[in-house]
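Report on the structure given below.
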Amino acid sequence: MSDYQNNANYQGAGYQNSVPPQGQYARPTKFCQYCGNQIDVNAVVCPKCGCQVGQFQQQPQQTVVVNNSNVNTIGMGRPRDKWVAVLLCFFLGFLGAHKFYEGKAGMGILYILTVGLFGIGVLVDFITLLCKPNPYYVY
Ligand SMILES: [Zn+2]
């Protein structure tokens with residue numbers, strides 16, 4: 001089978017005299033600027049002399065998807081889970097647990113010393129937290 005095909009190819013090539021001798025280069029070629037050898041046009045490094053002859057094709061940079069929570073984390077405050085804060089406020093509000101959760105250690109200590117601002121602070125915080133979106137952001 002391969003003999004027959006080779007024979008057919010040979011005959012075909014004989015009829016087509018216009019086929020250039022570099023016909024084995026099916027892909028477009030260029031000449032190495034360093035050694036002058038004909039190389040693949042897409043070659044980045046010349047296979048003959050090893051010199052870099054082209055730029056590495058840059059993969060199209062995938063746009064980093066910045067979701068809203070990340071944006072808020074960077075520039076608009078720290079995201080906090082509403083229901084964690086609500087539960088902390090409800091059960092441990094008199095210890096300022098929800099304040100510590102929000103990263104407000106000073107307020108947390110104040111809540112410990114005053115028992116949640118005498119309970120009023122905890123109550124206000126509890127209602128406030130219930131009204132917040134989830135997640136909410138601490139500034
Ligand atoms: Zn070369």
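Descriptive notes on the structure:
- Each residue in segment 29-46 was checked for being of a type in the set (S, T, N, Q) and within 6 Å of the ligand (Cβ to nearest atom), and 1 of them qualify.
- Applying a threshold of 9 Å to beta carbon distances and a minimum spacing of six or more residues, or different chains, the list of pairs starting in segment 34-46 at a residue that is under 14 Å from F56 (Cα atoms) and ending at one that is within 7 Å of the ligand (Cβ to nearest atom) and of a type outside the set (V, I, T) reads A43/C32; V45/C51; C46/C32; C46/Y34; C46/C35; C46/N37.
- Within segment 101-120, the set of residues being in contact (Cβ under 8 Å) with a residue 12 or more places away in the chain and of a type outside the set (S, T, Y) comprises E102, G103, K104, G108, I109, L110, I112, V115, G116, G119.
Here is a yes/no grid of residues against (1) assigned to a helix (DSSP H, G or I); (2) under 30 Å from T114 (Cα atoms); (3) modelled with pLDDT of 55 or more:
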{"site": "N6", "(1), (2), (3)": "yes, no, no"}
{"site": "Y10", "(1), (2), (3)": "yes, no, no"}
{"site": "G23", "(1), (2), (3)": "no, no, no"}
{"site": "C35", "(1), (2), (3)": "no, no, yes"}
{"site": "K48", "(1), (2), (3)": "no, no, yes"}
{"site": "Q58", "(1), (2), (3)": "no, no, yes"}
{"site": "V65", "(1), (2), (3)": "no, no, yes"}
{"site": "W83", "(1), (2), (3)": "yes, yes, yes"}
{"site": "G93", "(1), (2), (3)": "yes, yes, yes"}
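The values are calculated or read from the model by the stated rules, or taken from the named source; none is laboratory data. For clarity, every value in this text was computed on a predicted model and none was experimentally measured. Glycine gets a Cβ as well: all are built from the backbone with ideal geometry, and neighbour counts include every protein chain shown.
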